[in-house]
Amino acid sequence: MSAAPAYNEDKGGSAGPGEPEYGHDPASGGIFSSDYKRHDDLKAMLDTNKDSLKLEAMKRIVAMIARGKNASDLFPAVVKNVACKNIEDPNQLIRASALRVLSSIRVPIIVPIMMLAIKEAASDMSPYVRKTAAHAIPKLYSLDSDQKDQLIEVIEKLLADKTTLVAGSVVMAFEEVCPERIDLIHKNYRKLCNLLIDVEEWGQVVIISMLTRYARTQFLSPTQNESLLEENSEKAFYGSEEDEAKGPGSEEAASTALPTRKPYVMDPDHRLLLRNTKPLLQSRSAAVVMAVAQLYFHLAPKAEVGVIAKALVRLLRSHSEVQYVVLQNVATMSIKRRGMFEPYLKSFYIRSTDPTQIKILKLEVLTNLANETNIPTVLREFQTYIRSMDKDFVAATIQAIGRCATNIGRVRDTCLNGLVQLLSNRDELVVAESVVVIKKLLQMQPAQHGEIIKHLAKLTDNIQVPMARASILWLIGEYCEHVPRIAPDVLRKMAKSFTAEEDIVKLQVINLAAKLYLTNSKQTKLLTQYVLSLAKYDQNYDIRDRARFTRQLIVPSEQGGALSRHAKKLFLAPKPAPVLESSFKDRDHFQLGSLSHLLNAKATGYQELPDWPEEAPDPSVRNVEVPEWTKCSNREKRKEKEKPFYSDSEGESGPTESADSDPESESESESKSSSESGSGESSSESDNEDQEEDEEKGRSSESEQSEEEGKKKKMKKRKKVPEGQEGGSSSDEGSDSSSSSSESEMTSETEEEQVEPASWRKKTPPSSKSAPAAKEVSLLDLEDFTPPSVQPVSPPTVVSTSLAADLEGLTLTDSPLVPSLLSPVSGAGRQELLHRVAGEGLAVDYTFSRQPFSGDPHMVSVHIHFSNSSDTPIKGLHVGTPKLPPGISIQEFPEIESLAPGESTTVVMGINFCDSTQAANFQLCTQTRQFYVSIQPPVGELMAPVFLSENEFKKEQAKLTGMNEITEKLTLPDTCRSDHIVVQKVTATANLGRVPCGTSDEYRFAGRTLTSGSLVLLTLDARPTGAAQLTVNSEKMVIGTMLVKDVVQALTQ
């Protein structure tokens, strides 16, 4: 009873302030009141800053909805209040969830609110919220495509984000909204390449797919000149004697005959993409491996595509669904690049547990890989498959045998005989498929196989499969002159059962009758008329039409006489043999790994892979503008002051900002220095460099003074180094850095990745040219472990790094502190490069000296030891033109004019291994001979030691966790538990410097890779019991893994 008064009060006229009044009766005006005014009041209340008014408005809106009123025009205002409050929440998860809910509301009226929320979220401090904003962009675009221009502005802003969390999502938004706006990618291309390895797997797939299309529009095809280069190289290698005999005139004529094409030089950005995606072939995600594989297939030179084969074969151990997709792509690749999968032939052998679709795909790959070398193995495998219980698989195997016979003429007769033997198989489907394949093979050599055609004719009584019967009839009709006695009898039998045959068989019976009528009309005229009469009244209109057409063609009449004269040419025309091709032959026009490739049909949303451009677009569009303040002399000081929020070790070559901007700044500094030297201002340039070096020393002394005030006296001593020495070292340092940077520009492999952090770049070791002149060596060089000269210390002792730190700043006048105090002078002992027997008396050994190479600090210094054990002098020893893998470069040693019998000499050459253990192959040449030699570095020789304090070590180690950390447990033998032995073995294995440590059972070592300057931190936690744990932290995961293996092996021996 109490509910009624409450209801009446609510409906009554005594409403609260600001609320519209409702009459008790229908005529009171409550029904006819104007809604827009009331809604304007509610909108005003929702737009105020007072929560009480907003709450009151919400209550009234709920009441209106309860009464059945239409409140849809208030929806944006309600959403704005509910969502916007959460969007401004201090918790990033709530802000992101609010944006996700808001973008999921598929109501066009809230598009402006959604756009404002996305723009605000794109500037949010939290990368998680910015990632959610990127996810919301495609949702808004699908709701209202007119917002495209505003969304592109947001995408452009988010593409500049340096966070790995955002990269994949914004590229996905780019692909959904504006994939044609390739100009948005230019400035962010290098950053995306460097961030790629740290992006989540879903984002890696999206970015790689986008970069594949980008590269196809911006770079030249790496295969455009390969055939021409191969021809030229073969002529140069084999035809030297003939060319000499012909003389210079013939060479000129030959050169004019060849097409004039510029030799292909890969764009450094193209190389950057290939290099940064290659490590992802080891990803645990099959989708990432597949994405990298398709990128290499579409973008890499032929010589480099082979690296993807092993990764794809590894995926064949995964689930059947993954196998199906991988095998589809392998089947396509194996048609054009057969050689890359041939070493893994056995990986495609079929297991009895494989599903039918997997079996058929593996069969396709085996057929594509078959060649004259491995065909016996493949055919033996096929012979086993024919005995399978899976009939579809058996039929596919028989077709594969036919393809092998077609492609490899040497085994055609063998395959044909094997298929003929299958005609006696009990299984009708096997026999039928064999007949179809035999028919195709016989078309290639019909005259030689009359007996097989006779054998097939006898099978017409037993085979009931329509396709097989039709194939036999076609063969007999086509080659009826080879079986003149059997063909009419076959027609007679088929005429009896004509009405009971399938349509495809009936059509071939009509063809057989027509051909026999034209070649043997005496015996078959009546049979042909009988068959045509039966066909005239058949239920199928195709057969009725064929019968009328054939009758008019072969039986002359008054009206059709002109056409019947050409009947033999029409029916008995020679027909080309069918080409048995793979069904995957033309699938490569779809991008590998895509749904369209899988279906062999263009799917919705598929974007075509662009063709390579004829001329390369301007590469400068990918250069990032450098702010003016970075070009001043104290640029590095400002970089040190700016501490980024996220780790600088995300990219492979240091911070992404420097990776984008440094190449341009380096090129500008090079051009500036070259112009100054050209105008004769080299003296002022060296003065400027001296001044910069003094400023750097002052900064370093100030920082150390703030850390430890007790070192003031040492700092004073440190500043008393002679000015002339400083000037010489700095000028040499400047020339070294400029030469190294110019050389890095010339090599395509190291263009982008040789950008180093400021703290590493300014510690360039002095060149060996200035070393003999300087007798006093400052221990400023101790941090780099790169003294100007090597003087072996006897006996060799290992000085603790804390002692080295205490000695820092002193000037040694007697003898310089050698790096053997902190790491051995050289790595592994002498290794043989060329045996004296193979070298005809010339023996060559080499050692890694662990000294800085004067020509380029990025190069490994290798000492080459020559000795002549022959009876005659060896003249003109030099390095021939090397054919090096991409990225590896060699600084040749000066030519040795003559090496007398019994004499030995040592030269120094530099090799930039580009932070890889790939061998450098080159030729050692004398006046009469060429010797092919190869130097492969241990991973420990690819780095140089650096000095870090304990706090700096811990700080850098904290940045290099997750995928950048490799840990291995080991047990130290009794002979390897003293500090001296442990340090000696570690530093002998890897060129690392000791880092001070507060605990006695922990050893720390630090270094940087020579090419990219990436930190390598090694920690050994050893217990008194012998149990130990080795940890390596490095951006270079491959180097870290190999280093762990080598150090563990050294410690446990």
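Worth pointing out:
Listed here are the residues, each with its yes/no results for (1) closer than 20 Å to E88 by Cβ; (2) in contact with an Asp or Glu (Cβ under 6 Å, 6 or more places away or on another chain); (3) of a type in the set (A, V, I, L, M, F, W, C); (4) assigned to a helix (DSSP H, G or I).
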{"position": "P112", "(1), (2), (3), (4)": "yes, no, no, yes"}
{"position": "A133", "(1), (2), (3), (4)": "yes, no, yes, yes"}
{"position": "D161", "(1), (2), (3), (4)": "no, no, no, no"}
{"position": "E175", "(1), (2), (3), (4)": "no, no, no, yes"}
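- Boolean, L473 is modelled with pLDDT of 85 or more, open to solvent by less than 70 Å² (accessible area, probe 1.4 Å) and aliphatic (A, V, I, L, M): yes
- Only one of the numbered conditions (1) open to solvent by less than 10 Å² (accessible area, probe 1.4 Å); (2) under 56 Å from the mean Cα position of the chain (by Cα) is not met by I510, and that is (2).
- For segment 145-162, residues that are of a type in the set (D, E), open to solvent by 70 Å² or more (accessible area, probe 1.4 Å) and closer than 18 Å to M210 by Cβ total 1.
- Those residues of segment 1016-1045 which are under 30 Å from the mean Cα position of the chain (by Cα) and within 25 Å of S1000 (Cβ to Cβ), in sequence order: V1016, L1017, L1018, T1031, V1032, N1033, L1043, V1044
- Tally, over segment 547-581, of residues that are in a helix (DSSP H, G or I), modelled with pLDDT of 70 or more and farther than 30 Å from T406 by Cβ: 10
- Leading residue by the ranking (least open to solvent (accessible area, probe 1.4 Å)) among those in segment 381-394 that are out of contact with any Asp or Glu (no Cβ under 8 Å at 6 or more places or on another chain), of a type in the set (A, V, I, L, M, F, W, C) and touching a residue at least 24 places away in the same chain (Cβ under 8 Å): F393
- Unmet requirement for S318, which otherwise passes all of (1) assigned to a helix (DSSP H, G or I); (2) under 24 Å from Y349 (Cα atoms); (3) small (G, A, S): (1)
- Residue tally, condition of a type in the set (S, T, N, Q) and open to solvent by less than 30 Å² (accessible area, probe 1.4 Å), over segment 129-144: 1
- Tally, over segment 964-978, of residues that are in a helix (DSSP H, G or I), of a type outside the set (A, V, I, L, M, F, W, C) and in contact (Cβ under 8 Å) with a residue 60 or more places away in the chain: 1
- Subset of segment 925-955 (residues that are over 28 Å from the mean Cα position of the chain (by Cα) and open to solvent by 40 Å² or more (accessible area, probe 1.4 Å)): Q927, T928, R929, Q930, Y932, F947, S949, E950, N951, E952, K954, K955
- Qualifying residue in segment 954-963 (condition: part of a strand (DSSP E or B), closer than 18 Å to L1030 by Cβ and aliphatic (A, V, I, L, M)): no
- Segment 344-380: number of residues that are more than 32 Å from the chain's Cα centre (by Cα) and buried (at least 18 other Cβ atoms within 10 Å of the Cβ): 2
- Among the residues making up segment 1012-1053, a single one is of a type in the set (K, R) and part of a helix (DSSP H, G or I): K1045.
- So R271, is it of a type outside the set (D, E), more than 20 Å from G339 (Cβ to Cβ), in a loop (DSSP other than H, G, I, E, B) and open to solvent by 10 Å² or more (accessible area, probe 1.4 Å): no
- Test: residue in segment 163-176 that is open to solvent by 70 Å² or more (accessible area, probe 1.4 Å) and under 23 Å from V624 (Cα atoms): no
- Scanning segment 880-895 for residues that are open to solvent by 20 Å² or more (accessible area, probe 1.4 Å) and at pLDDT 85 or above turns up I890, Q891, E892, P894, E895.
- Cβ-Cβ distances below 6 Å connect the following pairs, each with a first residue in segment 405-418 that is open to solvent by 30 Å² or more (accessible area, probe 1.4 Å), a second residue that is in a helix (DSSP H, G or I), and a separation of six or more residues or different chains: R412/A405.
- Matching residues, segment 189-224, being buried (at least 17 other Cβ atoms within 10 Å of the Cβ) and free of Cβ contacts under 8 Å to residues at least 40 places away in the same chain: L192, V199, G203, V206, M210, Y214
- Condition check for A487: among the small types (G, A, S), open to solvent by less than 20 Å² (accessible area, probe 1.4 Å) and in contact with a Cys (Cβ under 7 Å, 6 or more places away or on another chain): yes
- From S854, S861, residue being farther than 16 Å from L833 by Cα and surrounded by 15 or more Cβ atoms within 10 Å (Cβ to Cβ): S854
- Y324 meets all of the listed conditions (1) open to solvent by 70 Å² or more (accessible area, probe 1.4 Å); (2) over 21 Å from T406 (Cβ atoms); (3) modelled with pLDDT under 90 but one, namely (3).
The values are calculated or read from the model by the stated rules, or taken from the named source; none is laboratory data. Model, not experiment: these values are computed from the prediction. So basically every Cβ, Gly included, is an ideal-geometry build from the backbone, and we count neighbours across all protein chains shown. The area values use the complete protein model at the heavy-atom level, side chains included, leaving out ligands, DNA and RNA. Shrake-Rupley method; radii C 1.70, N 1.55, O 1.52, S 1.80 Å.
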